[in-house]
Each structure stands twice: as C-alpha cells, then as structure tokens.
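The values are calculated or read from the model by the stated rules, or taken from the named source; none is laboratory data. As the structure is a prediction and not an experimental result, all values here were calculated from the model. Neighbour counts run over all protein chains shown; Cβ positions are idealised from the backbone, glycine included.
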Amino acid sequence: MRKKIIAGNWKMNIKPSETAALIKAVAEATKDYSNVEIVCCTPAIDVPAAVEAAKGTAVGVGTENCHWKESGAYTGEISTGMIVDAGCKYVITGHSERRQYFGETDETVNLRTRAAIAAGLTCMMCIGETLEEREAGKLVEVIERQMNVGLKDVTAADCAKLVIAYEPVWAIGTGKTATPDQAQEVHALIRATLAKLVGAETAETVRIQYGGSMKPGNAAELLAKKDIDGGLIGGAALKAADFAGIIAAAAAAN
Ligand code: PGA
C-alpha cells in the first residue's frame with residue numbers, strides 16, 4: 001500500500017523569523033496522523049529554522065528546487081549536497097512556476113530530479129498541462145513528454161525516492177480544482193506511462209500527488225480516488241489549520 005504524502009510548498013512566502021511558529025503549529029495539529037507522510041518544502045533561507053523546529057516531530061523538511069551540480073559557479077543555486085547537509089529529506093523539482101518564470105525545461109527537470117535521487121532525497125517531480133494545452137487536446141502528449149524526458153535514465157530502483165506531483169497549471173493558485181474524476185484520469189495516465197518506463201510492478205509503488213487549489217473542503221474526495229496518493233499544497237499550506245485539515249482527510253482516506 002502506498003502511504004499518503006501531503007507536502008506543503010511554501011513558495012516565496014514565510015520569512016525565516018516566521019518559520020518555527022508555522023512548523024510547530026503544523027506538527028502539533030497533525031501529531032495524531034502517523035499514517036500520513038508530512039512534509040514542508042520551504043524557501044532555502046528558511047531551512048535551518050524549519051529543521052530545528054521540526055526536530056522530534058513527524059514533519060519532514062524539503063526545499064523547492066535543487067541544482068544538479070555538486071558545487072561550482074552557479075550563482076543563486078543550491079546543490080543537493082547542501083540540501084542534505086542542512087537536514088532536508090525532500091525536494092521539489094519541475095514546479096510549473098519554475099518552468100514558467102525561470103526557464104526550466106524537461107531536460108533541466110530531468111537533471112535536477114536525477115541529482116536529487118542520487119543524493120538520497122525524496123524528489124517530488126511536478127508535471128501538468130496548461131489550460132491552452134488541455135483545450136487543444138494535448139493533455140496526453142504533454143504528460144507523456146514531461147515524463148519521458150523528465151524521467152530519462154531514472155531506474156526502477158530510483159523510484160523508491162520518486163514522487164510525481166500532477167499539477168494542472170490552470171488549477172494552481174486559481175481556486176479552480178480539477179474534479180476528482182478529471183484528476184484520477186490523469187493520475188491513471190501517469191501510472192500507465194510510468195509502467196512503460198520502469199515496469200508495472202514498480203509503477204504501482206510510486207506515489208502520485210495532486211496539486212492545484214487543494215484545501216480541506218475538497219481534499220477528501222480527491223484523496224479517495226484510486227491513484228491519488230497525496231497532495232502538493234500551496235496556499236493552504238501557509239495556515240496550520242488548513243494544512244492539518246488536508247492531512248486529516250489523507251489519514252481518513254488511508
Ligand atoms: P496551490 O498551489 O495549492 O496554491 O494551488 C499548489 C502548488 O503550486 O504546488
């Protein structure tokens with residue numbers, strides 16, 4: 001059985017001085033849900049405060065991006081070695097905002113994802129179509145391309161550290177959620193595509209998160225779907241009570 005994983009993506013919100021309070025509030029509000037993997041991915045500058053505050057709790061800490069080189073002249077980037085050294089166990093790669101605003105391509109997502117897995121981090125690789133792509137009938141093509149390129153040279157063994165986040169771009173931060181049936185349809189496509197890449201048996205073990213305006217009010221019906229194994233949460237991860245509400249729904253769906 002796939003353990004549900006609910007991860008917050010704080011994006012460029014929450015200052016270092018505000019971090020400990022939010023992590024502690026999340027840990028306190030979710031301490032009874034041991035059947036859910038709980039993660040907060042924070043801005044890199046918040047990581048020391050997040051790791052310190054999460055000590056002794058079930059909350060794991062991660063970053064929102066990583067570079068594929070171990071070190072070097074890459075101003076503004078952080079390496080997987082740095083992320084591990086800082087006490088993180090998770091990282092997000094390929095978020096649509098990175099693709100849209102920072103020139104991220106399927107190829108660079110692949111490099112970052114492979115580096116994250118090689119470093120022993122659990123990597124949440126994001127994929128998802130834009131509204132134009134969906135309306136042009138290109139959903140399947142886009143998902144297959146993002147996976148075929150994004151997961152190039154990722155082996156079945158590597159999949160132990162892989163989580164895929166399906167985030168329809170039109171649902172992120174917009175209040176528009178994919179319906180549970182719409183989401184399940186794409187999650188099933190993702191698992192089938194994964195089966196072609198790494199084998200059906202391994203594909204069954206990989207968790208696929210839904211992301212895009214997930215909140216306490218819609219989490220239960222999404223998480224009840226067969227291939228929806230968790231969530232990647234933006235806005236609702238910034239308030240402990242909302243985030244805990246989603247984690248409670250995941251705990252009940254297990
Ligand atoms: P949202 O963001 O929950 O605010 O829609 C999700 C994400 O971008 O990961």
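Can you tell me which residues in the stretch 199-216 are over 26 Å from GLU18 (Cα atoms) and not polar (S, T, N, Q)?
Within the stretch 199-216, GLY199, ALA200, GLU201, ALA203, GLU204, VAL206, ARG207, ILE208, TYR210 meet the criteria.
Taking the stretch 144-164, which residues are aliphatic (A, V, I, L, M) and over 16 Å from GLU104 (Cα atoms)? Let's see the steps before the verdict.
As a first pass, look at the stretch 144-164 and keep what is aliphatic (A, V, I, L, M): 147, 149, 151, 154, 156-157, 160, 162-164.
Passing the criteria: VAL154, ALA156, ALA157, ALA160, LEU162, VAL163, ILE164.
At least 3 residues that are in contact with a Gly (Cβ under 7 Å, 6 or more places away or on another chain) in each: list the strands (runs of 3 or more DSSP E) lying fully within the stretch 117-221 that qualify.
122-127, 207-211
When you scan the stretch 184-198, do you find a residue that is within 16 Å of the ligand (Cβ to nearest atom) and surrounded by fewer than 20 Cβ atoms within 10 Å (Cβ to Cβ), even just one?
no
Looking at the structure I just gave you, is VAL39 aliphatic (A, V, I, L, M), within 16 Å of the ligand (Cβ to nearest atom) and either out of contact with any Leu (no Cβ under 7 Å at 6 or more places or on another chain) or under 24 Å from MET214 (Cβ atoms) (or both)?
On the way: aliphatic (A, V, I, L, M): yes; within 16 Å of the ligand (Cβ to nearest atom): yes; either out of contact with any Leu (no Cβ under 7 Å at 6 or more places or on another chain) or under 24 Å from MET214 (Cβ atoms) (or both): yes.
When the stated conditions are applied, VAL39 passes them.
Which one is surrounded by the most Cβ atoms within 10 Å (Cβ to Cβ) among residues in the stretch 217-241 that are more than 14 Å from TYR166 (Cα to Cα) and away from the ligand (no atom under 12 Å from the Cβ)?
Looking at residues that are more than 14 Å from TYR166 (Cα to Cα) and away from the ligand (no atom under 12 Å from the Cβ), I get ALA240.
Against the conditions (1) closer than 28 Å to VAL26 by Cβ; (2) touching a Phe, Trp or Tyr at 6+ places or on another chain (Cβ under 6 Å), where does GLN100 fall short? Just the number, please.
Condition (2) is where GLN100 drops out.
Confirm whether TYR101 is under 19 Å from THR63 (Cα atoms) and either more than 16 Å from the ligand (Cβ to nearest atom) or surrounded by fewer than 21 Cβ atoms within 10 Å (Cβ to Cβ) (or both).
In short, yes.
Can you pull out every residue in the stretch 106-144 that is over 23 Å from VAL61 (Cα atoms) and exposed (fewer than 14 other Cβ atoms within 10 Å of the Cβ)?
GLU107, LEU131, GLU132, GLU135, ALA136, GLY137, VAL140, GLU141
What residue, among those in the stretch 1-47 that are more than 19 Å from LEU222 (Cβ to Cβ) and of a type in the set (D, E, K, R), is surrounded by the most Cβ atoms within 10 Å (Cβ to Cβ)? Working first, answer last.
Of all residues in the stretch 1-47, those more than 19 Å from LEU222 (Cβ to Cβ) come to 10-29, 31-32, 34, 40-47.
When the remaining residues are screened for being of a type in the set (D, E, K, R), the result is 11, 15, 18, 24, 28, 31-32, 46.
On the way: LYS11: 18, LYS15: 10, GLU18: 13, LYS24: 15, GLU28: 12, LYS31: 13, ASP32: 12, ASP46: 25.
By that ranking, first place goes to ASP46.
For the stretch 152-179, name all the residues that are in contact (Cβ under 8 Å) with a residue 12 or more places away in the chain and away from the ligand (no atom under 16 Å from the Cβ).
Within the stretch 152-179, LYS152, ASP153, VAL154, THR155, ALA156, ASP158, CYS159, ALA160, LYS161, LEU162 qualify.
Please state which one of SER79, SER96 is under 24 Å from GLY173 (Cβ atoms) and at pLDDT 95 or above.
Values: SER79 fails: under 24 Å from GLY173 (Cβ atoms).
Sole residue among the options that is under 24 Å from GLY173 (Cβ atoms) and at pLDDT 95 or above: SER96.
Among the residues of the stretch 208-216, is there at least one that is more than 16 Å from the ligand (Cβ to nearest atom), within 24 Å of GLN146 (Cβ to Cβ) and not small (Gly, Ala, Ser)?
Going residue by residue through the stretch 208-216, those that are more than 16 Å from the ligand (Cβ to nearest atom) are none.
Within the stretch 208-216, not a single residue is more than 16 Å from the ligand (Cβ to nearest atom), within 24 Å of GLN146 (Cβ to Cβ) and not small (Gly, Ala, Ser).
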